[in-house]
Amino acid sequence: MSKVVVVTSGKGGVGKTTSSASLGAALAQAGQNVVVVDFDVGLRNLDLVMGAERRVVFDLVNVVQGDAKLAQALIRDKRIDTLSLLPASQTRDKDALTEEGVGRIIEELREKFDWIICDSPAGIEKGAMLAMRFADLAVVITNPEVSSVRDSDRIIGMLDAKTLRSENGEKFEKHLLLTRYNTARAARGEMLKVDDVLEILAIPLLGIVPESADILNASNLGCPITLHDPASPAARAYTEAARRLLGEKIDIVEPTEARGFFNRLLGRKAAVA
Amino acid sequence: MALIVSPETPLETWLAALDEQMRRSAEFFANRPLVVNLAATLEAEENPQTVLEALEARNLSVVGVEGIDPSLLADTRWAHLQRLSLGRKMTHDGRTDRLIIIPDDPQTPSEAPESRPATASLLIDRPVRSGQSIIFEDGDITIVGSVASGAEVVAGGSIHIYGALRGRAIAGLKTGAVARIFCQKLQAELVSVDGFYCVPEDWDDKLQGHPAQICLDQGALKVLALD
């Protein structure tokens, strides 16, 4: 039974593309057949983060408009063969997508893959609407700060109204993935605490990904963090989140500032999840 | 826009159908200029004047003819139509003409009013998300959950929120000054009863985050702690 997951947020720059790539890679590493689809037509980034930017020949818009077959547009990842990418177009914009065309592609993808991860663009316009329309569940990416939380709330409202599942009266599963969590700043009250965010958004928590310099390094190298540095706190958080998506029950531990013995000696801080 | 009509023989049948249409669509035909295509009439060797007279008798204003040589009407009292046809660009090349279905006159609205529900009260048992707007003018609204920042709740009566109010609450559209707003956690952006409104600047900081009720007291909006 394939699952279509939309990774969305409302707000831009909170970690949708990073999370799509990392969750996708983590699920593929767990043995699932995964495709990540970039819905950000005109401002594509997923191909960069996946390291496939030099292999893009055909894209989502080409397939929607019938200029290419789905198999021609899919790019298989060189590192894990159960992971594929369907890139977006960079030269067109979201008006090139049609609901009917996207629906067709999703149906075709359902036959080949266990997990179809739709990387939504920011905003609440057509691109974001199309990314969520055919989804079975959503992962809402939120930073623990006020504007991101409010925008996420808006997108949650739209998930309950504008998806095909909601229109048919079925319950639509939504999960919260808190990203760029900075423990020190949360402790100082500069960022919202996890409980505050959960109280406002009222959806189940999928995971907490700590702020990490490794993420930027990984995206510069074109390798999702779970493949590039699986031991890093961020990668571990994504791997656990993927396992929770697969149904495992793992307790969520709020990242704390733990000072190991040597770090205390050397006076350095480390955020450990 | 002129209406082009093409009378067909037998004329009586066509005129009867026209009468029926005029009965149904009186508004459409009122002051509607007519252009008459007399080609079929001529072919059937009917006198075009008969047709024109019949239309005139129905108070229809004929402004032009087509389908025939206008000079045929030269010696009749319809000669002015010939001139009209020539003066105005009455020729049509079929491209700008449209075949239309003449609309029936609009129905007068039914008299019986819709019966109002016995108890006018709206219950919402999930959080109201940012950007959502709940409008219920017939009575009270009860929300089991929070109202998010950027959401609004508008009620004809009172508003009862079993959760935090972080958005806007506007009460009393129908019941007026007796309406009240209740919430378990006041963090509202705007509250209003019967048109009187205030924003967080206007109430005591100590009330923020606590259970509160908002009511009108002699024309002044009061935000009070709910113990």
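The values are calculated or read from the model by the stated rules, or taken from the named source; none is laboratory data. In this text the structure is predicted, and so the values were computed from the model without any measurement. No Cβ is skipped: glycine too gets one built from the backbone with ideal geometry, and neighbour counts run over all protein chains shown.
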Failed item in (1) modelled with pLDDT of 95 or more; (2) surrounded by fewer than 20 Cβ atoms within 10 Å (Cβ to Cβ); (3) small (Gly, Ala, Ser), with A:Ala187 passing the rest:
(1)
Considering region A:16-55, residues that are hydroxyl-bearing (Ser, Thr, Tyr) and touching an Asp or Glu at 6+ places or on another chain (Cβ under 6 Å), and then whichever is surrounded by the fewest Cβ atoms within 10 Å (Cβ to Cβ), we arrive at A:Thr17
Residue among A:Ala138, A:Ala161, A:Ala122 that is more than 14 Å from every other protein chain (Cβ to nearest Cβ) and among the hydrophobic types (A, V, I, L, M, F, W, C)
A:Ala122
Kindly check whether there is at least one residue in region B:56-68 that is farther than 21 Å from B:Ile102 by Cα, in contact with a helix residue (DSSP H, G or I) (Cβ under 9 Å, 6 or more places away or on another chain) and without any contact (Cβ under 8 Å) to a residue 40 or more places away in the chain.
yes
Considering only residues that are among the acidic types (Asp, Glu) and out of contact with any Asp or Glu (no Cβ under 9 Å at 6 or more places or on another chain), look in region A:197-226 and name the one that is surrounded by the fewest Cβ atoms within 10 Å (Cβ to Cβ).
A:Glu199
Among the residues of region B:194-204, is there at least one that is closer than 27 Å to A:Gly10 by Cβ, away from chain A (no Cβ under 14 Å) and crowded, with 20+ Cβ neighbours inside 10 Å?
no
Name the single residue that is nearest to the chain's Cα centre (by Cα) among those in region A:38-49 being under 17 Å from A:Thr91 (Cα atoms) and of a type outside the set (Asp, Glu).
A:Leu46
If you take the residues in region A:121-159 that are in contact with a Gly (Cβ under 7 Å, 6 or more places away or on another chain) and small (Gly, Ala, Ser), which one is farthest from B:Pro127 (Cα to Cα)?
A:Ala122
Could you pull out the residue among A:Ala237, A:Ala218 that is within 30 Å of B:Ala164 (Cβ to Cβ) and in a helix (DSSP H, G or I)?
A:Ala237
Just checking, does region A:93-105 include any residue being crowded, with 21+ Cβ neighbours inside 10 Å and either within 14 Å of chain B (Cβ to nearest Cβ) or in contact with a Lys or Arg (Cβ under 6 Å, 6 or more places away or on another chain) (or both)?
yes
So A:Met129 fits all but one of (1) modelled with pLDDT of 95 or more; (2) within 14 Å of chain B (Cβ to nearest Cβ); (3) more than 19 Å from A:Arg44 (Cα to Cα); what number is the exception?
(3)
Leading residue by the ranking (farthest from B:Cys183 (Cα to Cα)) among those in region B:118-169 that are away from every other protein chain (no Cβ under 14 Å) and of a type in the set (Ser, Thr, Tyr):
B:Thr119
I'm trying to understand the selection: among the residues of region A:94-119, which are in a loop (DSSP other than H, G, I, E, B) and under 19 Å from A:Leu245 (Cα atoms)?
A:Phe113, A:Asp114
Can you confirm whether A:Ala122 is assigned to a loop (DSSP other than H, G, I, E, B), under 27 Å from A:Arg244 (Cβ atoms) and in contact with a Cys (Cβ under 9 Å, 6 or more places away or on another chain)?
no
When the residues of region A:166-217 are narrowed to those that are among the polar types (S, T, N, Q) and more than 14 Å from chain B (Cβ to nearest Cβ), which ends up nearest to A:Asp151 (Cα to Cα)?
A:Thr179
Top-ranked residue in region A:64-79 [being under 23 Å from A:Asp136 (Cβ atoms) and in contact with a helix residue (DSSP H, G or I) (Cβ under 6 Å, 6 or more places away or on another chain); ranked as surrounded by the most Cβ atoms within 10 Å (Cβ to Cβ)]:
A:Val64
